[in-house]
Amino acid sequence: MVDATHLARPRRSLRVLVADDAALIRMLMAEMLSRAGYSVNVAERRLDAVTANGNERFDIILMDMQMPVMDGIDAMQDMRAQEDPRGRIPTIALTADALQTNHKNYMDGGASLALTKPVKWENLLAEMERLTERVRALTQ
């Protein structure tokens, strides 16, 4: 496991929703993001992610694209229907799929960015900061 304690601390505390059907991935992501200074909630299924998004305010969502029953695109579209468009929550699509045409489909489906697993922690944290800063600037 990568030690996140040496990574740059976030400029501000972010509330992160991690949606992934794999228990090990959820556990690792939650642990690493918590060590990096973020507040983390996890969801196993699409419905759990959509419900959590409707009940709480997150700064960013990390969404696995290949979940059973309903995939990440369907979950993102359900979430987008809940949100105020002015405060659209950035969503990073996480996928083992490296095809750029599929990454475009994820972006067209509502993702702010698509990253191929395994992600480099430094890159993920930098993108989370960049995307949330952009939304914060737009809504102020």
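The values are calculated or read from the model by the stated rules, or taken from the named source; none is laboratory data. Treat the numbers as computed from the prediction; the structure is a model and nothing was measured. Ideal geometry is used to build each Cβ from the backbone, glycine not excepted, and the neighbour counts take in all protein chains shown. For accessibility, only protein heavy atoms count, side chains too; no ligands or nucleic acids. Shrake-Rupley method; radii C 1.70, N 1.55, O 1.52, S 1.80 Å.
For region 28-50, filtering for residues that are part of a helix (DSSP H, G or I) and in contact with a strand residue (DSSP E or B) (Cβ under 8 Å, 6 or more places away or on another chain) leaves 7.
For region 52-66, a residue qualifies if it is surrounded by fewer than 20 Cβ atoms within 10 Å (Cβ to Cβ) and closer than 23 Å to Ala98 by Cα, and exactly one does: Gln66. Suppose we keep only residues that are of a type in the set (Val, Ile, Thr), surrounded by fewer than 21 Cβ atoms within 10 Å (Cβ to Cβ) and modelled with pLDDT of 85 or more within region 96-140. Which one would you say is farthest from Ser39 (Cα to Cα)? Restricting to residues being of a type in the set (Val, Ile, Thr), surrounded by fewer than 21 Cβ atoms within 10 Å (Cβ to Cβ) and modelled with pLDDT of 85 or more, the top hit is Thr116. If only residues of region 72-95 that are in a loop (DSSP other than H, G, I, E, B) and surrounded by 17 or more Cβ atoms within 10 Å (Cβ to Cβ) are counted, the one that is modelled with the highest pLDDT is Pro90.
Set side by side, the residues Ala36, Ala49, Ala30 differ, and just one is within 13 Å of the chain's Cα centre (by Cα) and open to solvent by less than 10 Å² (accessible area, probe 1.4 Å), which is Ala49.
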